[in-house]
1. Quick one: is residue 8 modelled with pLDDT under 65, surrounded by 11 or more Cβ atoms within 10 Å (Cβ to Cβ) and in a helix (DSSP H, G or I)?
2. Considering only region 28-43, I want to know if a residue exists there that is at pLDDT 90 or above and touching a helix residue (DSSP H, G or I) at 6+ places or on another chain (Cβ under 7 Å).
């Protein structure tokens, strides 16, 4: 295996591993975001864009900031 191919493969695998885990339902996505952030969900929607579906979740973080997360469906 060439070293260039090996480096490319390692880079691709590391990017894939960092991708957020897909949630099967909106409820699971909400639970995942609450568990990982400790925040309070303010709103949640299912968005369809360019043939993909994501869950858009607006969260009030413990420090008072509002953040929006997009979780692949």
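The values are calculated or read from the model by the stated rules, or taken from the named source; none is laboratory data. None of the values given here were measured: they were computed from a predicted structure. As a convention, Cβ positions derive from the backbone with ideal geometry for all residues, glycine included, and neighbour counts pool all protein chains shown.
1. Working: modelled with pLDDT under 65: yes; surrounded by 11 or more Cβ atoms within 10 Å (Cβ to Cβ): yes; in a helix (DSSP H, G or I): yes.
Judged against the criteria, residue 8 is a match.
2. Taking every residue of region 28-43 in turn, at least one turns out to be at pLDDT 90 or above and touching a helix residue (DSSP H, G or I) at 6+ places or on another chain (Cβ under 7 Å).
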